[in-house]
Ligand SMILES: [Zn+2]
Ligand SMILES: [Zn+2]
């Protein structure tokens, strides 16, 4: 671990003033969390901060509450850096002085940190641009609604792409906090790194009646049993053991009274995988599981709402991330591993342009926690590393795109995570 006067830096060369600004931004955002599609004050705060840097051109209300800022000049390719900015419907327990001021809202996925880091990167990119040392154009994207979709199943990245943020973009990058790894540790992976996320809503239908005469009704709770058994064995019996897939039923509901056989029961859940091919197969297997209800005389309805695709990190983009980090901070421990079965809507960006996302360890010593937990906590000492890494990544990507020398990481494991 490197130290330079005011604590561990993991090699990022940032002034004390810039470090203080990162913490101030993060704490302000943490105290004022807003949910997906409602990031009005967050967007206003971001725009106000960005206006302080003279070479940064700011657009607001992009694709809803998005804020997009361009730095740099020229007609060459654009490099995109993205931070998501929405919070979660979680009650934050009292504790820190900057605890959420809004009941039922909490930045429990670290997006407050993502925004602070991208603002820190903006300051650095602005300084480079004014010194003539940036070498191209960088687009900073503050994205709404990563956590939950609108009524059509669309999240913020989708809306921003529709609004044109990828025009002229040659490469895109994002960082995400990881409270399960200590500061000074990052996760990088080339190929599929996060799962697709589709949601299903199912109904198993029977015939309601008197609970004392089950033979005269058709009990949908009875039908549900074999449907669930088949559903829960899809991954073990119908999916290759070398592939990653999850089918989880997260909600089962039905019935009104102990002495009444209900007409129907509902079950909702999620389908996740790294493979676009398997994603389609899981949907078909799920349909078959529900057909068991029909074989027993009942019926079913099944609606699958497609969400994020699997996130595929591009080999060239990932190489830029790795090289920028190595140049910046040789003390950081790099783990090469996929990021698990969570989903990220940065995957929509990665479908369109070469892109890579990395996870930044931010765990607080002695506090075991996860993303989306009310106990989520973030070691703010990683903010300078993240801000400097984003800026360095953009500058490295611009230099490589300009010269045409873009190296590709070995991509042998693509689509097949090796744990
Ligand atoms: Zn999240
Ligand atoms: Zn997140």
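If you check every pair at least six apart or on different chains, which have Cβ atoms under 6 Å apart with a residue in region 104-118 that is closer than 13 Å to residue 43 by Cα and in the same structural domain as residue 383 (by TED's automatic domain parsing) first and a residue that is within 14 Å of ligand 1 (Cβ to nearest atom) and assigned to a helix (DSSP H, G or I) second?
none
Can you list the strands (runs of 3 or more DSSP E) lying wholly within region 287-374 that have 1 or more residues being in contact (Cβ under 8 Å) with a residue 12 or more places away in the chain and within 16 Å of ligand 2 (Cβ to nearest atom)?
Details: elements: 299-305, 311-313, 333-336, 355-361.
The strands (runs of 3 or more DSSP E) meeting that bar are 311-313, 355-361.
For region 102-115, which positions are away from ligand 2 (no atom under 11 Å from the Cβ), touching a strand residue (DSSP E or B) at 6+ places or on another chain (Cβ under 8 Å) and farther than 30 Å from residue 54 by Cβ?
105, 106
Restricting attention to region 116-138, does a residue exist that is within 15 Å of ligand 1 (Cβ to nearest atom) and either buried (at least 20 other Cβ atoms within 10 Å of the Cβ) or farther than 22 Å from residue 381 by Cβ (or both)?
For region 116-138, residues within 15 Å of ligand 1 (Cβ to nearest atom) and either buried (at least 20 other Cβ atoms within 10 Å of the Cβ) or farther than 22 Å from residue 381 by Cβ (or both): absent.
Please state which one of 242, 223, 228 is in contact (Cβ under 8 Å) with a residue 24 or more places away in the chain, over 30 Å from residue 330 (Cβ atoms) and more than 31 Å from the chain's Cα centre (by Cα).
Being in contact (Cβ under 8 Å) with a residue 24 or more places away in the chain, over 30 Å from residue 330 (Cβ atoms) and more than 31 Å from the chain's Cα centre (by Cα) holds for just one of 242, 223, 228, which is 223.
Answer with yes or no whether residue 91 is modelled with pLDDT of 95 or more and closer than 30 Å to residue 353 by Cα. Can you show your working first?
Values: modelled with pLDDT of 95 or more: yes; closer than 30 Å to residue 353 by Cα: no.
No.
Would you confirm whether any residue within region 116-138 is within 17 Å of residue 38 (Cα to Cα) and either touching a helix residue (DSSP H, G or I) at 6+ places or on another chain (Cβ under 6 Å) or away from ligand 2 (no atom under 16 Å from the Cβ) (or both)?
no
Any residue in region 217-227 that is assigned by TED's automatic domain parsing to the domain that holds residue 276 and part of a loop (DSSP other than H, G, I, E, B)? Give the steps one after another, and end with the answer.
Of the residues in region 217-227, the ones assigned by TED's automatic domain parsing to the domain that holds residue 276 are 217-227.
Next cut, part of a loop (DSSP other than H, G, I, E, B) only: 217, 219.
Looking for residues that are assigned by TED's automatic domain parsing to the domain that holds residue 276 and part of a loop (DSSP other than H, G, I, E, B), one finds at least one in region 217-227, hence yes.
Taking region 143-166, which residues are away from ligand 2 (no atom under 16 Å from the Cβ) and touching a residue at least 40 places away in the same chain (Cβ under 8 Å)?
Just the residues of region 143-166 that are away from ligand 2 (no atom under 16 Å from the Cβ), to begin with: 150-154, 159, 161-166.
Passing the criteria: 150, 153, 159, 161, 162, 163, 165, 166.
Please count how many residues of region 19-39 are under 20 Å from the mean Cα position of the chain (by Cα), in a helix (DSSP H, G or I) and more than 21 Å from residue 93 (Cα to Cα).
0
Identify all residues within region 139-176 that are more than 19 Å from residue 119 (Cα to Cα), away from ligand 1 (no atom under 16 Å from the Cβ) and in a loop (DSSP other than H, G, I, E, B); write none if there are none.
The answer is 150, 151, 152, 153, 154, 163, 164, 166, 167, 168.
The values are calculated or read from the model by the stated rules, or taken from the named source; none is laboratory data. In this text, all values refer to a predicted model and were calculated from it rather than measured experimentally. Here Cβ is always computed from backbone atoms with ideal geometry, including for glycine, and neighbour counts include all displayed protein chains.
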